[in-house]
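Encoded as structure tokens, the structure appears first; notes follow it.
The values are calculated or read from the model by the stated rules, or taken from the named source; none is laboratory data. Because the structure is a prediction, the values reported are computed rather than measured. So basically every Cβ, Gly included, is an ideal-geometry build from the backbone, and we count neighbours across all protein chains shown.
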């Protein structure tokens, strides 16, 4: 299993729109056969910081996810909401 944490900081005025778009993406992503979990979590100290916690069954599933229409819709919708570029850290489940 491959676990990916995508760290995101958004502009304060975009918070609600970002949450809506991200929850919609997560609800579609979890239906993909190669995804075990897909959660949006929000920092309690800074509500403009989020992490997408994505758990994939394989590296191929991560690539397939990025080819889906719902991912493309999310990516394009949130691009201008970012206060800083998003980045990911990959982990292996032990």
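The figures follow:
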{"item": "Residue match in the stretch 69-79 (condition: in a loop (DSSP other than H, G, I, E, B) and touching a strand residue (DSSP E or B) at 6+ places or on another chain (Cβ under 8 Å))", "result": "no"}
{"item": "Top-ranked residue in the stretch 1-18 [being farther than 20 Å from residue 90 by Cβ and touching a residue at least 24 places away in the same chain (Cβ under 8 Å); ranked as surrounded by the fewest Cβ atoms within 10 Å (Cβ to Cβ)]", "result": "12"}
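Residues checked against (1) outside any helix (DSSP H, G or I); (2) in contact with a helix residue (DSSP H, G or I) (Cβ under 9 Å, 6 or more places away or on another chain); (3) modelled with pLDDT of 95 or more:
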| site | (1), (2), (3) |
| --- | --- |
| 9 | yes, no, yes |
| 19 | no, no, yes |
| 23 | no, no, yes |
| 28 | no, yes, yes |
| 41 | yes, no, yes |
| 47 | yes, yes, yes |
| 64 | no, no, yes |
| 84 | yes, no, yes |
| 89 | yes, no, yes |
